[in-house]
Amino acid sequence: MKIRSRPELLERAFPGIHVRIVLSPLNDRISPIIIGGELKGNEIQVFRKTVNCNFLSDYVIRREECLCPSGHGENWTCMNFRVNDSLDYYLISDGCSGSFILDTDCNRSHEEIKIRSGSLKLNLTGQGVVWIHLHGCGRGVIIAGLPRSGMDCPLKPDYFEVQPCSLQILISPY
């Protein structure tokens, strides 16, 4: 993504040739990443390789369950994590029809909030431990902490798993 936003890096890395890089996830719910312009001419060489891409999986906070201090039983998935002020936290779902409760050190809650498809920014600030209690769909929900730098990315569950991709590098002379 950094190379796509700064094309001069591509020109510096491959002096004297035109280069186009296409990263196409095999999962069609993830958009391809294209770096560089169209190549023209009949001397285009193509190199292909299948690679694993880690788009955003490093930002997943926690996937495993913990022993719940609220005593939730069946049909609940409860997890906790420590809040970091440099991150924005999101609850990301792809069509789950459950609900969740958000507890912090300062605010114990029993209010269930319906989970919608897509992403919901959790307004977490300060320090401390947060508990997320998922009711009815624990496995279909991801909790992610993304840098507050205003990351411009789609918040779909597919982006938070390592994905097989086809990497194509196309080159042609100037």
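The values are calculated or read from the model by the stated rules, or taken from the named source; none is laboratory data. Everything quoted here is computed from the prediction, not taken from an experiment. Cβ atoms come from the backbone with ideal geometry, glycine included; neighbour counts cover every protein chain shown. Quick note on the areas: whole protein, heavy atoms, side chains included, nothing else; ligands and nucleic acids left out. Shrake-Rupley method; radii C 1.70, N 1.55, O 1.52, S 1.80 Å.
Loop-resident GluC sites (Glu not before Pro) (DSSP state other than H, G, I, E or B) in the range 85-174 with no more than 10 further Cβ atoms inside 10 Å of their Cβ: E111. Taking Lys and Arg as +1 and Asp and Glu as -1, the other residues whose beta-carbon sits under 10 Å from that of Q168 total +3.
In the chain, the alpha-carbon atoms span a convex hull of 125 Å³ per residue. Taking the chain as a Gaussian network of alpha-carbon nodes connected by springs under 10 Å, the highest mean-square fluctuation of the residues G98, G41, G140 belongs to G41. Note that the range 57-154 presents 56 Å² accessible area per residue, ligands and nucleic acids not counted, probe 1.4 Å. How big is the gap, in Å, between the Cα center of the range 1-77 and the Cα center of the range 100-174? First find each Cα centre; the distance between them is then 17 Å. Note on F81 and D158: the extension gain reaches 25.5 nm, defined as 0.36 nm multiplied by sequence separation minus the Cα-Cα distance. Counted residue by residue at 0.36 nm each, then reduced by the alpha carbon distance between them, the extension gain from S57 to L167 reaches 37.7 nm. For the chain, the number of Lys pairs with C-alpha atoms closer than 23 Å, counting only pairs eight or more positions apart or on separate chains, is 5.
Here the chain is scanned for trypsin sites (Lys or Arg not before Pro) in DSSP loops (not H, G, I, E, B) that have at most 15 other Cβ atoms within 10 Å, and the longest stretch holding none of them is 64-107. Taking the chain as a Gaussian network of alpha-carbon nodes connected by springs under 10 Å, the highest mean-square fluctuation of the residues I17, I143, I30 belongs to I17.
Placing a label point 7 Å from the Cα of L39 along the Cα-to-Cβ line, the residues of the range 1-16 whose backbone N sits under 16 Å from it are 10-16. Between G136, G71, G36, the Gaussian network model of the chain with springs among Cα atoms under 10 angstrom shows the greatest mean-square fluctuation at G71. Protein heavy-atom surface of the range 59-174, 1.4 angstrom probe: 48% of the accessible area is carbon and sulfur, with nucleic acids and ligands not counted.
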